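For reference, the structure discussed in these notes is given below.
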Amino acid sequence: MTTTWHSHTFQYGSGESAAALEVRLPVRRCDQCDFDYLDDAGASLKHEAVCHHLGVLTPRQILQTREQHDLSRGAFAKLTGIGEASLGRWENGIDIQAPSDDRYLRVLAHPGALALLEQIGSAPPAT
């Protein structure tokens, strides 16, 4: 198995809002059968290119935000109110978060943000 890196341009979106995005992808080659293919690493790099184009956090950055707080996906979801399934789709590059969710995730990356959520969550209801 050998790997070579190639520039690849692909279209994201459609119509007037379509954009040509360029990314360098690892092309794998089976040395026995001379077959070239892209694997999950290539798909992840294309997904990251789309995230950069849209100005939102990448799956890796979302995962790092959760991991910096040393929380499981379920605990992070419960504390933040983000759906656990949505969080999983964003972390795994299946879906891209909406701009409002992206802003919330960026706030959550700041020190003290989760402590404030914990305070809010443990406060008695306002009367």
(message) I'd like the distance between the alpha-carbon centres of region 1-25 and region 54-79, rounded to an integer number of Å.
(response) 26 Å
(message) If the elastic network links every pair of Cα atoms under 10 Å, which of Arg29, Arg103, Arg73 fluctuates the most in the Gaussian network model of the chain?
(response) Arg29
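Could you list Ile62, Ile82, Ile94, Ile120 so that the one with the fewest beta carbons within 10 Å of its beta carbon is first and the one with the most is last? Can you show the working numbers first?
Working: Ile62 25, Ile82 20, Ile94 12, Ile120 9.
Ranked by crowding around the Cβ, least crowded first: Ile120, Ile94, Ile82, Ile62.
Compute the Rg to Rh ratio over region 2-54 from the alpha carbon atoms, using the Kirkwood formula for Rh, and round to two decimal places.
Using only Cα positions, Rg/Rh for region 2-54 is 1.08.
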(message) With 10 angstrom as the radius, rank Leu116, Leu38, Leu87 by how many other C-beta atoms surround their C-beta, starting from the fewest.
(response) Leu116, Leu38, Leu87
(request) Find the Rg to Rh ratio for the chain, where Rh is the Kirkwood radius over alpha-carbon pairs and Rg uses the same atoms. (result) 1.12
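Pulled fully out, how much extra length does the chain show between Leu38 and Arg60, if you take 0.36 nm times their separation in residues and subtract their Cα-Cα distance? If you can, show how the numbers build up before the last one.
On the way: separation 22, 0.36 × 22 = 7.92 nm, distance 1.97 nm.
Contour length minus the Cα-Cα distance gives 6.0 nm.
Between Asp70 and Trp5, what length comes free when the chain is fully extended (0.36 nm per residue of separation minus the Cα-Cα distance, one decimal in nm)?
19.9 nm
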(request) Could you line up Glu84, Glu91 from fewest to most neighbouring Cβ atoms inside 10 Å? (result) Glu84, Glu91
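What value does region 58-127 have for Rg/Rh, both radii from Cα atoms and Rh as Kirkwood defines it? If you can, show how the numbers build up before the last one.
Numbers: Rg = 12.3 Å, Rh = 12.5 Å.
Radius of gyration relative to Kirkwood radius: 0.99.
We did not get these values from a lab; they are worked out from the coordinates using the rules stated. In this text, all values refer to a predicted model and were calculated from it rather than measured experimentally. In this analysis, Cβ positions are derived from the backbone assuming ideal geometry, glycine residues included, and neighbour counts consider all displayed protein chains.
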